[in-house]
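Student: Please find one structure pasted underneath; my questions will follow.
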């Protein structure tokens, strides 16, 4: 690995991004499973049935591309950062949902209710996305602090 680090710095950066992609994907999946399981509980389903889509792993994994933005806004007010993440996550959710719908002609997820936008985004999920954005910021800081994905740079 040392040879690759000295001779091909871009290769090691890609390697780091791939490792972090998997971490973000797994964390996102886990959060979604907990969220839908709690929703089941709130609806009286004591089995805590939870679900997600395989597509979500890739969508959450793309959180690695938001790391530079995490760095830029890290010193900003927490409320402003949370609002930024809500808008960005809604944009990602709408764009990826619409792409999958247009390409495969299926909803990767489908929302209902008066706060649903085309069945792809729920406006009343803003508090959840606010927290999710801040959680992903913390994950990024933790990965940096622990040098996870950094190898022997």
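Here is a yes/no grid of residues against (1) modelled with pLDDT under 95; (2) closer than 29 Å to residue 70 by Cβ; (3) in contact with a helix residue (DSSP H, G or I) (Cβ under 9 Å, 6 or more places away or on another chain):
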| position | (1), (2), (3) |
| --- | --- |
| 86 | no, yes, yes |
| 89 | no, yes, yes |
| 92 | no, yes, yes |
| 102 | no, no, no |
| 111 | yes, yes, yes |
| 117 | no, yes, yes |
| 126 | no, yes, yes |
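Student: Of everything in the stretch 62-121, what is in a helix (DSSP H, G or I), touching a strand residue (DSSP E or B) at 6+ places or on another chain (Cβ under 6 Å) and within 19 Å of residue 36 (Cβ to Cβ)? Give them in sequence order. Before the answer, list the steps.
Tutor: Narrowing the stretch 62-121 to residues in a helix (DSSP H, G or I): 62-73, 78-104.
From what's left, touching a strand residue (DSSP E or B) at 6+ places or on another chain (Cβ under 6 Å): 90, 93-94.
Scanning the stretch 62-121 gives 90, 93.
Student: If you don't mind, there's one more thing I want to ask. Out of all the residues in the stretch 61-70, is one or more surrounded by fewer than 18 Cβ atoms within 10 Å (Cβ to Cβ), more than 26 Å from residue 145 (Cα to Cα) and modelled with pLDDT of 95 or more?
Tutor: Scanning the stretch 61-70, I find no residue that is surrounded by fewer than 18 Cβ atoms within 10 Å (Cβ to Cβ), more than 26 Å from residue 145 (Cα to Cα) and modelled with pLDDT of 95 or more, so the answer is no.
Student: Let me ask something else about it. Return a yes/no flag: does the stretch 124-139 have any residue that is at negative phi, assigned to a loop (DSSP other than H, G, I, E, B), surrounded by 15 or more Cβ atoms within 10 Å (Cβ to Cβ) and free of Cβ contacts under 8 Å to residues at least 24 places away in the same chain. Working first, answer last.
Tutor: Here is the first cut: in the stretch 124-139, the ones at negative phi are 124-139.
Cutting the leftovers down to assigned to a loop (DSSP other than H, G, I, E, B) gives us none.
No, the stretch 124-139 contains no residue that is at negative phi, assigned to a loop (DSSP other than H, G, I, E, B), surrounded by 15 or more Cβ atoms within 10 Å (Cβ to Cβ) and free of Cβ contacts under 8 Å to residues at least 24 places away in the same chain.
Student: Tally time: how many residues in the stretch 74-102 are in contact (Cβ under 8 Å) with a residue 40 or more places away in the chain, more than 16 Å from the chain's Cα centre (by Cα) and surrounded by 14 or more Cβ atoms within 10 Å (Cβ to Cβ)?
Tutor: Step one: filter the stretch 74-102 for residues in contact (Cβ under 8 Å) with a residue 40 or more places away in the chain, giving 74, 78, 81-86, 88-89, 96, 100.
Still in the list and also more than 16 Å from the chain's Cα centre (by Cα): 74, 78, 100.
Then drop every residue that is not surrounded by 14 or more Cβ atoms within 10 Å (Cβ to Cβ), which leaves 100.
Matching residues across the stretch 74-102 total 1.
The values are calculated or read from the model by the stated rules, or taken from the named source; none is laboratory data. None of these values were measured; they are calculated from a predicted model. Cβ coordinates were reconstructed from backbone atoms using ideal geometry, including for glycine residues, and neighbour counts include every protein chain displayed.
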